[in-house]
Amino acid sequence: MSERPVSLKADQRTPLGLVARGFRGHIQAIHVAESAHGLSAAELEQRLLELGFVEGAEVEVLHEGPLGRDPIAVRVNDTTIALRRREAMAILVS
Amino acid sequence: MTTATDIGIWNFALVGTPNSGKTALFNALTGGRQKVANYPGVTVERKAGAFTTPSGHRVNLVDLPGTYSLRGRSPDEEITRDVVLGRVADQALPDLLLCVADATNLRVAIRLVIELKKVGRPLLLVLNMIDIARRRGIDIDLDKLSSELGVPVVTSTAVRRGGTEELLRRLDTLAVAAGKTAESTWAPPTTSDLRAAQREADRVIKSAVGQPKHPDTVTGRVDAVLLNPVAGLVVLLCLLFVMFQAVFAWAKPIMDLISAGFDALGVLAHDALPDGLLQSFVQNGVISGVGSVIVFLPQILILFLFILLLEDLGYMARAAFLMDKIMGGAGLHGRAFIPLLSSFACAIPGIMATRVIDNKRDRLTTILVAPLMTCSARIPVYTLIISAFIPDKTIWGFVGLQGLVMFGLYAIGILSALGVSFIANHFFWRDNATPPFMLELPDYKMPRLKSIALGLYTRAMIFLKRAGTTIFSMMVLIWFLASFPRPPEGAEGPAIDYSLAAIIGKWLEPVLAPVGFNWQINVALIPGMAAREVAVASLGTVYAIEGGKEAAEQIGQTLAHQWSLATALALLAWYIFAPQCASTLAVIKRETGGWRYMFITFAYMLTLAYIAAFITFHVARALGWG
């Protein structure tokens, strides 16, 4: 995963894939940048939406995996979803 | 085609998001015994059952795999879509869809309801696990929810006695009242459809559901330990370790009892029957053969007790979370964890469970490696040899050596599955990108005694049924092979040396002697193709016949005298890999739709088995264990 520099100032949006445990915030946008997921960008977007990652939803990063702090367990409203940081890059939060 | 309504039987279907308790509700309504557990993706097939409503109306109920949408992105979800849309030839269009929702987790479920409304079938929302929701202080205004959604709403607690009474009481009226059908306007939802539906769902929830003032924190607090990067891995390893120690330590007394019972039965048969072929058949073929397998029932049940407890608790998805990086590194799909875990029971349900994997290649990789996970049929083989050859002593003060060897065999199985997957992904399917991993972590739930007992009962019945059918018939075969032809008059040495079994076993010697197998093992491996534990029973029969009437010792003691340690270890190594299960191969053929992957699996496993046994045998001999 390329650790792209994140500008927090640019309308305060950070990919969920880069935040640490304990982060709390709201989803600003779902934006799949590349399709290197074994899935098309549209398909990944659809799956994230199906799991409840929708603009406006409240998220909290509850846990990090033991190796390379990956995957992450994210509380999205009342559900906990485990996903890899690579996919979480598509979820922009603030 | 006659629709079911014409003959007065209603067809209902259970749909809903994964892990919302559809199968628990199905079991509660129909008295069924389908497997339930606390993780998403337990049900991958449609299951049919029937029940009668309070007014006496017959209902055919079909339980469907859980899904987030009717899009049908993986084989299990396609089943759900096709049944709901009436595209399955032998399944009538449902007269009523029961959309089952976890009352503690409504967001995604309500969005599914909004999508299901477009299908135009009568729809009923069942808020399951309502007891937990109420206990947590989630305040659901049922009338409001119903009017906002335009769908009748009932509550249920599928796992409690009487928890489906309200649902049953209202089904009669609802099935008729809700019975307005419309043309289906359903089309696969686009991303903007999904966003709109979720916004609508969130609006409905906001107006009809009061969130608790003090949210439930049990799951969060438990996960703070179990998903802790350090403590979590320690707990996972400890759990596995305790599990395998228990398989040996706890089962021993009951196994001794069963074993003594079969011995007594054998003596009884011996005394009751006249000397001759029939006596030999009953004592050596049937009782000694089948008994040598049934004795492992306690160990299998202990292993399943652990697995069922962890499944019901909700730990399995956590284990997947902790292991994901390792599995992903080997190129396995995130959702492969649960199929591979099921394969510890038996590769057959494991291979079926790969239907939750959407990508075809990822699914194939998982199918190819699933038989490497140590299934319960290997337990008899492993424990027989371990008990006979590995001293029952404690090392480092607290670790049973036998349990440790067992743990090692399981570990080698897992590592080789990861290795094979890695090779398949990096050398054969190089262009295959690592697929995503997204899994819901369910809230922890106290395991239910009834569900655990049912699970254990089911496993015990499967095992005993196999002992009574496959293993029994193979025993008849092996007894026949080991008894005929009879030795010529005045022949020297044991009669078995003249039998077909000895001829076949010795014929295979040039191939299998390099891995340390004697002719008795060779001949046991042939009926062992039917099922792994048959090899144990076959050895029991072959050595019982060879030993004649004086053979009072148990099979384990016989082996300890007859085999070298190197041979025993080589056979263990062989069994980690060998494709000795006809049913697994048949399921691979069915699930992959052809012979190709069945032959690939057979060939690569056989090759690995031979290499592993060869290396083990020669290393052990070099160490002076020959």
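All of the numbers you see were taken from the coordinates with simple rules; none came from a lab. Please read all numbers here as calculations on a predicted model, not as lab measurements. Glycine also receives a Cβ, built like all others from the backbone with ideal geometry; neighbour counts cover every protein chain displayed.
At-a-glance table
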| quantity | calculated |
| --- | --- |
| Antiparallel %, DSSP beta bridges [both residues in chain B], to 5 | 35 percent |
| Exposure proxy order (Cβ contacts within 10 Å, fewest to most) of A:Phe53, B:Phe599 | B:Phe599, A:Phe53 |
| Table column - 3J(HN,Hα) (Hz), the range B:193-208, Karplus curve with 6.51, -1.76, 1.60, x for Gly and Pro | 4, 4, 4, 5, 5, 5, 4, 5, 4, 4, 5, 4, 5, 4, 7, 10 |
| Cut-off 15 Å between beta-carbons: net charge of the residues surrounding B:Val405, Lys and Arg +1, Asp and Glu -1 | +1 |
| Karplus-derived HN-Hα couplings along the range B:284-294 (A = 6.51, B = -1.76, C = 1.60, θ = phi - 60°), whole Hz, x at Gly and Pro | 8, x, 7, 5, 5, x, 5, x, 5, 8, 4 |
| Assigned charges on the beta-carbon of Lys, Arg, Asp, Glu; the range B:4-210 dipole about Cα centre (debye) | 420 debye |
| Straight-distance crosslink candidates among aspartates and glutamates, where the alpha carbon sits under 19 Å from B:Lys589 and sequence neighbours closer than 8 are dropped | B:Glu45, B:Asp76, B:Asp358, B:Asp362 |
| Candidate lysines for bridging to B:Lys325, where Cα separation is under 22 Å - those fewer than 8 sequence places away on the same chain excluded | B:Lys360 |
| Karplus 3J(HN,Hα) series, Hz, for the range B:436-445 with 6.51 cos²θ - 1.76 cosθ + 1.60 (x for Gly, Pro) | x, 10, 9, 9, 6, 9, x, 5, 5, 9 |
| Rounded if a/c under 1.5, otherwise prolate or oblate - the range A:14-93, Cα gyration tensor axes | oblate |
| Compactness of the protein assembly as shown as Cα Rg over 2.2 N^0.38 Å, two decimals | 1.06 |
| Ranked packing of B:319-330, A:21-32, most packed first, by mean Cβ within 10 Å | B:319-330, A:21-32 |
| Global geometry of the range B:4-210, whether rounded, prolate or oblate, following the gyration tensor of its Cα atoms and the 1.5 cut on a/c | rounded |
| Shape category assigned to chain B from the gyration tensor of Cα positions, a/c cut at 1.5 | prolate |
| Proximal lysines relative to B:Lys118, as straight alpha-carbon distance under 26 Å, when same-chain residues fewer than 8 apart are discounted | B:Lys22, B:Lys47, B:Lys144, B:Lys180, B:Lys206 |
| Dipole magnitude of the protein assembly as shown about its Cα centre (Cβ charges: Lys, Arg +1; Asp, Glu -1), debye to nearest 20 | 1220 debye |
| Fully extended contour minus Cα-Cα distance, from B:Arg161 to B:Thr607, at 0.36 nm per residue | 155.3 nm |
| Rounded Å value of the spacing that divides the Cα centres of the range A:63-94 and the range B:285-305 | 44 Å |
| Under DSSP loop assignment and at most 10 Cβ neighbours within 10 Å, longest GluC sites (Glu not before Pro)-free interval of chain B | B:184-488 |
| Listed residue (B:Ser74, B:Cys346, B:Leu418) projecting farthest to the positive dipole end of chain B, Cβ model | B:Ser74 |
| Quotient of Cα Rg and 2.2 N^0.38 Å for the range B:348-479, N being how many residues it contains | 1.38 |
| DSSP beta bridge pairing in the range B:4-210, given as percent antiparallel to the nearest 5 | 30 percent |
| Trypsin sites (Lys or Arg not before Pro) within the range B:179-246, DSSP loop, no more than 11 other Cβ atoms inside 10 Å | B:Lys180, B:Lys213 |
| Inter-centroid distance (Cα atoms) of the range B:371-424 relative to the range B:560-626, Å | 14 Å |
